[in-house]
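One structure is given here, and the rest of the page talks about it.
The values are calculated or read from the model by the stated rules, or taken from the named source; none is laboratory data. Treat the numbers as computed from the prediction; the structure is a model and nothing was measured. Every residue, glycine as well, gets a Cβ built from its backbone with ideal geometry; the counts of neighbours run over all protein chains shown. All accessible areas refer to the heavy atoms of the entire protein, side chains included, with ligands and DNA or RNA removed. Shrake-Rupley method; radii C 1.70, N 1.55, O 1.52, S 1.80 Å.
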Amino acid sequence: MKEYINPKKENWEELLKRPTESLHDIRKIVQPIMDEVKKNGDSSVKNYTEKFDGISINDLLVTKEEIEAASKKVDQKLKDAIKVAHENITRFHKAQKITDLRIETMPGVLCERKSVAIPKVGLYIPGGTAPLFSTVLMLAVPAKIAGCKEIVLCSPPDKEGNIHPAILFTAELAGITKIYKVGGAQAIAAMTYGTESIPKVDKIFGPGNQYVTAAKQLASLDGAAIDMPAGPSEVLVYADEDANPAFIAADLLSQAEHGVDSQVIFVTTDQDIIPTLQKEIYHQLSELPRWEIADRCLQNSAVFILKEEKECIDLINIYAPEHLILLTKNAREIADKIENAGSIFIGYYTPESAGDYASGTNHTLPTNGAARAYSGVSLDSFIKNITYQEITAEGLQKLGPYVEEMAEAESLRAHKNAVTVRLNSIKN
């Protein structure tokens, strides 16, 4: 990890740059995939699956028999853990329901807002170097609670043409039945345009590599909404002198093992902790099955040693991390000062992995600085709010003249006339 001691504030943004390729360049690679799937449907999806995943797939839809067989392969302890996570995620997302709004803004003028589920949604579940069955819960649970009528799930097949058993078990637990063996940009294209097998959806959810991210961005320009511009995972850990170096190292490595294009940032005011932390990182790293991935990620990562707490908070808000871990005595106080973060983990005993799996919050979060303007996935992501208004004759008599005046001032005579003809009919 690169080490920066009291770098000038004007240099922070440059030093905090993510190790990502230009999405502009990646979109040039992805656009032909989108175009071909739009034109040729299933045949292009299957061709790209063979090209990128190394397997020829005849039937993209996962059968009921395949789901049942996969469920038997999942260890009972893992099933129990997934069920606990399902319960917690369900409990937290159910609590996010809001009541419909109904208010009379002036006598005779009734305004309402109601939440309506997005009818068709597509869930993308990564399944490459790490099959993220936990993401099934994070997306499927709120989709079901929201009441989405059609839920489509796409995940890449392995070399035998199968989706990881834990993904299929979790999907079945969450009530998802339309599951397709397709990943990458071709999966996003299929859900964007629809194919003979895969339905077109209204909104696409889920994390992925930079090709999936670029495909989602292109999809958003061609009729499909997306959850957010999410890319490679990242974490920023801020620790004080009382933090356990083993905790810090574990939190940094838990994100570093996601992928070589992930990034981890460590921020502190305590320079004395660094030697111990370095030893702890390499000790834990040597015991990881995915140590090579984590090690390459660490090469793109950095340590910032700053003078005071306020500087650390300023740097955090500039970086806008996907995950922010606060290993400090006054973690709650600091959390209240954070403006830009996807999800915040407060205190010495709150590992980021708890939120990744089972605490109840959602782990589908904005990356690459998008936390400055985007929220993570929630129940709100799967609904839209429709407003209504109903005006009585008496209400229009009160409100109408003001509308006429404003429409006239904007030279929109037809707008004014829509009020005037009604007011005239009332008078007559």
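Do you know which of the residues in the range 105-148 that are polar (S, T, N, Q) and in a strand (DSSP E or B) is farthest from residue 182 (Cα to Cα)? Residue satisfying both the conditions and the ranking: 105.
When you scan the range 217-239, do you find a residue that is in contact with a strand residue (DSSP E or B) (Cβ under 8 Å, 6 or more places away or on another chain), under 20 Å from residue 3 (Cα atoms) and either surrounded by fewer than 22 Cβ atoms within 10 Å (Cβ to Cβ) or of a type in the set (Val, Ile, Thr) (or both), even just one? Yes, that holds for at least one residue.
Once the range 193-216 is narrowed to residues that are within 17 Å of the chain's Cα centre (by Cα) and of a type in the set (Gly, Ala, Ser), the residue that is surrounded by the most Cβ atoms within 10 Å (Cβ to Cβ) is 215. When the criteria are applied in full, residue 283 meets the requirement of being over 27 Å from residue 230 (Cα atoms) and at pLDDT below 95.
Every condition in (1) in a strand (DSSP E or B); (2) of a type in the set (D, E, K, R); (3) open to solvent by less than 40 Å² (accessible area, probe 1.4 Å) holds for residue 102 except the one numbered (3).
Just a yes or no: is a residue in the range 80-87 open to solvent by 60 Å² or more (accessible area, probe 1.4 Å), more than 24 Å from residue 160 (Cβ to Cβ), touching a residue at least 12 places away in the same chain (Cβ under 8 Å) and part of a helix (DSSP H, G or I)? Yes, the range 80-87 contains a residue that is open to solvent by 60 Å² or more (accessible area, probe 1.4 Å), more than 24 Å from residue 160 (Cβ to Cβ), touching a residue at least 12 places away in the same chain (Cβ under 8 Å) and part of a helix (DSSP H, G or I).
Of the listed requirements (1) in a loop (DSSP other than H, G, I, E, B); (2) under 30 Å from residue 380 (Cα atoms); (3) in contact (Cβ under 8 Å) with a residue 40 or more places away in the chain; (4) not hydroxyl-bearing (Ser, Thr, Tyr), residue 242 misses just one: (2). Residues considered: 24, 93. Of these, the only one that is closer than 30 Å to residue 214 by Cα and either touching a residue at least 12 places away in the same chain (Cβ under 8 Å) or open to solvent by less than 30 Å² (accessible area, probe 1.4 Å) (or both) is 93. Against the test of being more than 21 Å from the chain's Cα centre (by Cα) and assigned to a loop (DSSP other than H, G, I, E, B), the options 67, 55 yield a single qualifying residue, 55.
A single entry from 188, 151 fulfils the requirement of being outside any loop (DSSP other than H, G, I, E, B), touching a residue at least 12 places away in the same chain (Cβ under 8 Å), open to solvent by 10 Å² or more (accessible area, probe 1.4 Å) and touching a strand residue (DSSP E or B) at 6+ places or on another chain (Cβ under 7 Å): 151.
When 227, 270, 240 are checked against the criterion of being acidic (Asp, Glu) and within 23 Å of the chain's Cα centre (by Cα), a single residue qualifies: 227.
Screening the candidates 17, 79 for the property of being over 22 Å from residue 187 (Cβ atoms) and modelled with pLDDT of 95 or more yields one hit, 79. Restricting 329, 310, 384 to those that are basic (Lys, Arg) and under 20 Å from the mean Cα position of the chain (by Cα) reduces the list to 384.
Suppose the filter is outside any helix (DSSP H, G or I), at pLDDT below 95 and either over 16 Å from residue 248 (Cα atoms) or under 24 Å from the mean Cα position of the chain (by Cα) (or both); does residue 321 pass it? When the stated conditions are applied, residue 321 does not pass them. The set of residues in the range 384-428 that are among the aliphatic types (A, V, I, L, M) and touching a Gly at 6+ places or on another chain (Cβ under 8 Å) comprises 391, 393, 396, 399, 419, 423. Any residue at all in the range 283-305 that's part of a helix (DSSP H, G or I), under 16 Å from residue 269 (Cβ atoms) and β-branched (Val, Ile, Thr)? So far as the range 283-305 goes, no, none of its residues is part of a helix (DSSP H, G or I), under 16 Å from residue 269 (Cβ atoms) and β-branched (Val, Ile, Thr). If you take the residues in the range 1-15 that are free of Cβ contacts under 8 Å to residues at least 60 places away in the same chain and open to solvent by 100 Å² or more (accessible area, probe 1.4 Å), which one is farthest from residue 285 (Cα to Cα)? Residue satisfying both the conditions and the ranking: 10. Scan the range 110-144 residue by residue and report those that are open to solvent by 10 Å² or more (accessible area, probe 1.4 Å) and of a type in the set (A, V, I, L, M, F, W, C). 110, 111, 116, 117, 118, 130, 132, 133 - these are the residues of the range 110-144 that are open to solvent by 10 Å² or more (accessible area, probe 1.4 Å) and of a type in the set (A, V, I, L, M, F, W, C).
Report yes if residue 318 is closer than 29 Å to residue 4 by Cβ, in contact with a Phe, Trp or Tyr (Cβ under 6 Å, 6 or more places away or on another chain) and of a type in the set (A, V, I, L, M), otherwise no. Yes, satisfied. If you go through the range 241-272 and keep only what is among the hydrophobic types (A, V, I, L, M, F, W, C), over 19 Å from residue 313 (Cα atoms) and open to solvent by less than 20 Å² (accessible area, probe 1.4 Å), you end up with 249, 253, 256. Cβ-Cβ distances below 6 Å connect the following pairs, each with a first residue in the range 346-368 that is under 18 Å from residue 316 (Cα atoms), a second residue that is open to solvent by 50 Å² or more (accessible area, probe 1.4 Å), and a separation of six or more residues or different chains: 346/332; 366/374.
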